[in-house]
Amino acid sequence: MKLPALVAAGALVMAAVAVAGPTTHLYDDGVSNVLLGPPDSFSIYGDIDMLWGNYFFAAAPAEEIDHVQFGLGDLSPGGMVSVWIFDDPDDDADPTNATPIFNTTTPAANLGFAFNELDIPPTRVEGGFFVAVGHLAELTTDSGGDPDFPAPARFDPDGRADRSWFFYDNDIPEDYLADSGFVQRMDGPFVPIPGAFAIRAQGAVVPEPASACALLGLVVLGVSRRRRRR
């Protein structure tokens with residue numbers, strides 16, 4: 001095969017990869033600003049470690065997530081949050097047995113209706129995955145001397161509540177979320193207002209290597225046949 005044909009074949013393969021394109025996962029509309037935090041009755045436990053997030057399904061065959069957006073409400077002093085991606089082995093839309101595959105800690109802020117933006121190293125996901133934000137809600141007292149927690153988790157009451165989950169504990173067991181002291185889906189019986197968290201994930205589809213190889217093989221075969229007909 002001559003060099004121009006090889007170049008053309010390579011270009012076609014790269015074009016096939018590019019067709020996969022970027023992906024975006026979200027359930028909120030970016031408008032609502034309803035907030036969730038521990039109830040005052042939890043003050044008997046002191047500070048409450050929180051984790052909240054959305055369960056998504058990757059586009060086939062796999063994706064690499066490289067950007068996370070999250071809206072926040074009120075934060076404890078310091079404004080630090082953790083960002084997590086979990087892989088769910090049984091893809092059942094329930095993250096309680098999911099395994100953490102990425103996490104980092106970053107400063108963040110209540111930006112009203114805007115989103116905190118975080119670029120992350122490309123993280124491969126297949127099937128079901130859970131994108132979550134964690135924050136330590138520190139117990140304080142309000143102006144009347146009553147116990148008070150911040151409400152850091154922003155959500156959309158019009159979003160898909162059956163794919164959003166939150167967890168409370170003194171220390172969230174990220175290696176096995178089912179062991180958290182309090183686990184609830186956002187359409188559960190203890191949720192006063194159902195909704196979907198303002199957490200989004202962006203990435204790109206990872207094409208199967210076999211697909212690219214097959215395409216290259218077809219191109220090579222076509223070029224070879226054209227040469228024999230000359």
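Listing for the model above:
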{"quantity": "Two-site label geometry, residue 119 and residue 24: point separation in nm, points 7 Å out along Cα→Cβ", "calculated": "1.9 nm"}
{"quantity": "Relative contact order of segment 71-112, defined on C-alpha pairs under 8 angstrom at six or more residues apart (%)", "calculated": "54 percent"}
{"quantity": "For segment 65-139, diffusion coefficient by Stokes-Einstein and Kirkwood Rh (Cα), 20 °C, 1.002 mPa s, µm²/s", "calculated": "161 µm²/s"}
{"quantity": "Neighbour-count ranking [beta-carbon atoms within 10 angstrom, fewest first] of 186, 50", "calculated": "186, 50"}
{"quantity": "Approximate spin-label separation residue 97-residue 175, in nm, with each point projected 7 Å along Cα-to-Cβ", "calculated": "1.8 nm"}
{"quantity": "Ordering of 126-134, 112-120, 24-32 by packing [mean C-beta count within 10 Å, highest first]", "calculated": "126-134, 24-32, 112-120"}
{"quantity": "Two-site label geometry, residue 66 and residue 158: point separation in nm, points 7 Å out along Cα→Cβ", "calculated": "3.2 nm"}
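Only the coordinates and a few stated rules stand behind these numbers; no lab work does. Computed from a predicted structure; not experimentally measured. Please note: Cβ atoms are built from the backbone with ideal geometry, for glycine as well, and neighbour counts cover all protein chains shown.
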